[in-house]
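Student: What follows is a structure written as structure tokens; I'll ask about it next.
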2 protein chains.
Amino acid sequence: MPDTPPPDPERLDPEQLAAYFALMEVGSLLQHAVDQQLRDEGGLSYTQFQILAVLGQAPEGQLRMTDIADRLVHSRSGLTYQVAQLAKAGLVARAPSADDERSVNVTATPQGKELLGRVMPGHVAVVRRLLVTPLNRSDITTLSDVLGRVRTHMRTTPPRSATPGRKPTTLRND
Amino acid sequence: MPDTPPPDPERLDPEQLAAYFALMEVGSLLQHAVDQQLRDEGGLSYTQFQILAVLGQAPEGQLRMTDIADRLVHSRSGLTYQVAQLAKAGLVARAPSADDERSVNVTATPQGKELLGRVMPGHVAVVRRLLVTPLNRSDITTLSDVLGRVRTHMRTTPPRSATPGRKPTTLRND
DNA sequence: TATTGTTATACTCTATAACTATA
DNA sequence: TATAGTTATAGAGTATAACAATA
């Protein structure tokens, strides 16, 4: 009784597609909404907000550039730019590391912490209004469980290299 | 024995926060991955890919600028820019509408359809590798169900206006 | 030699405002 | 007047490559 066709690696079945589309759309809309709120109420981009937030959670209240980049931004120069913006606004301070002269320690200034605190309520309100409201407690738990697993998998999976059968300039000799 | 503190609208409990963070991170990583794949294999941004995809799904194979903008991009001028890019690459064609002289009908050219078809397998592969693989069928169903509800709610919820207690220049008589 | 970080540069994308033309 | 769309413009963000300095 072959009622489940063999999984074609070239396609996604309707359920998988629906999950993918819903994820992308919800992520995009939520991102857009919080970005807007952060700009309106704090003059912060979402990336800048994330940097401040990550610094706030850091044990010593400080992180090296590399540490921040690994968690948030995709290129180093991009992080340098964003941290420079934050520093220009007096929201973070940079100091050379004591034990490794190459490193730069970034900390949130009092103004940075103050701004973060001032912006959080509105931020939370947006997340609550858009994401939390339509879900019950069980939905939330499920969502964080399932997406948590996906996140772990994504972090583990090699980005894009290691593609087997990929000869790097090895056809002929050109 | 009050073990459930009253829900503070100023905060999100750990489960809610976890769901929010997981959603944002997974959405961001997945977006980044597919964007990369589309650029590498088709020279398309994710937005451009979406435009082609939406045109492909359209009943007549054509949509007005407004129709596309409503589904995808956030500003009209942004859409004009993106469609212009696609047209410049010969992937879409624009034609004035017959029944409404103001409207512009956009269609995918044969090259556009060809490119879309050529890019889809890799696209699907990324989604499968990052999102589908770590989940079982039940997870997928749940995910699309829960996120589908969130999406519906987001589309319904007024963006940001209609803030109650917001007097639109109605103090005094102005 | 590998790692940390910055700089220079160029490019993509987005949004706002002003504008044209049609309904 | 309202709607559909474009243009001009300006700004934010990102990545790549070259670079300097330290481990």
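Student: Given 5 Å bins starting at zero, what is the percent of C-alpha pairs of chain B in each, up to the one with the largest pair distance?
Tutor: Histogramming chain B at 5 Å steps yields 1, 6, 11, 14, 15, 14, 12, 10, 7, 5, 3, 2, 1, 0, 0 percent.
Student: Could you pull out every residue, at least 5 positions away or on a different chain, whose amide H is within less than 5 Å of the one on A:VAL92? Hs are placed 1.01 Å off N in the peptide plane, and Pro or chain starts have none.
Tutor: The list, which skips near neighbours in sequence, is A:ALA87, A:THR109.
Student: With just the Cα atoms defining each centre, how far is the stretch B:21-81 from the stretch A:72-89? Give it in Å.
Tutor: Each part's Cα centre sits 27 Å from the other's.
Student: I would also like to ask the following. Beyond 27 Å, what share of the Cα-Cα pairs of the protein assembly as shown is found? Please give it as a whole percent.
Tutor: 58
Student: Going by a 1.4 Å probe on protein heavy atoms, which residues of the stretch A:17-35 end up with at least 30 Å² less accessible surface in the whole assembly than in their chain alone?
Tutor: Those residues are A:ALA19, A:TYR20, A:ALA22, A:LEU23, A:MET24, A:GLU25, A:VAL26, A:LEU29, A:LEU30, A:HIS32.
Student: Using a probe radius of 1.4 Å on protein heavy atoms only, what is the accessible area buried between chains B and A, both sides summed, to the nearest 100 Å²?
Tutor: Adding both sides of the contact gives about 5800 Å².
Student: If each label sits 7 angstrom from Cα along the C-beta direction, how far apart, in nm, is B:ASP99 from its counterparts in the other copies?
Tutor: List, nearest first: 7.2 nm.
Student: Which distances in nm, rounded to one decimal and ordered from shortest, link the label point of A:ARG11 to the equivalent label points in the other identical copies, with labels set 7 Å from Cα toward Cβ?
Tutor: Reported distances to equivalent positions: 5.0 nm.
Student: Whose Cβ in chain B comes nearest the axis that rotates B onto A, and by how many Å?
Tutor: Chain B residue with minimal Cβ-axis distance: B:GLY27, 1.
Student: Using a 7 Å offset from the Cα along the Cα-to-Cβ direction at both A:ASP145 and B:THR152, what is the distance between the two label points in nm, to one decimal?
Tutor: Reported label-point gap for A:ASP145 and B:THR152 is 2.3 nm.
Student: Given R₀ = 51 Å, FRET efficiency for B:LYS113-A:SER138 by Cβ-Cβ distance, to 0.05?
Tutor: About 0.75, to the nearest 0.05.
Student: Taking only protein heavy atoms and a 1.4 Å probe, what accessible area per residue, in Å², does the protein assembly as shown have with all protein chains in place?
Tutor: Normalised by residue count, the accessible surface of the protein assembly as shown is 60 Å².
Student: What does the charge count around B:VAL83 come to, taking other residues whose C-beta lies under 15 Å from its C-beta (Lys +1, Arg +1, Asp -1, Glu -1)?
Tutor: Taking every Cβ under 15 Å from that of B:VAL83, the sum is +3.
The values are calculated or read from the model by the stated rules, or taken from the named source; none is laboratory data. Because the structure is predicted, anything quoted here is derived from the model rather than measured. For neighbour counting, all protein chains shown are included, and Cβ atoms are generated from backbone atoms with ideal geometry for every residue, glycine included. Note: accessible area is taken over every heavy atom of the protein model, side chains too, but ligands, DNA and RNA are not part of it. Shrake-Rupley method; radii C 1.70, N 1.55, O 1.52, S 1.80 Å.
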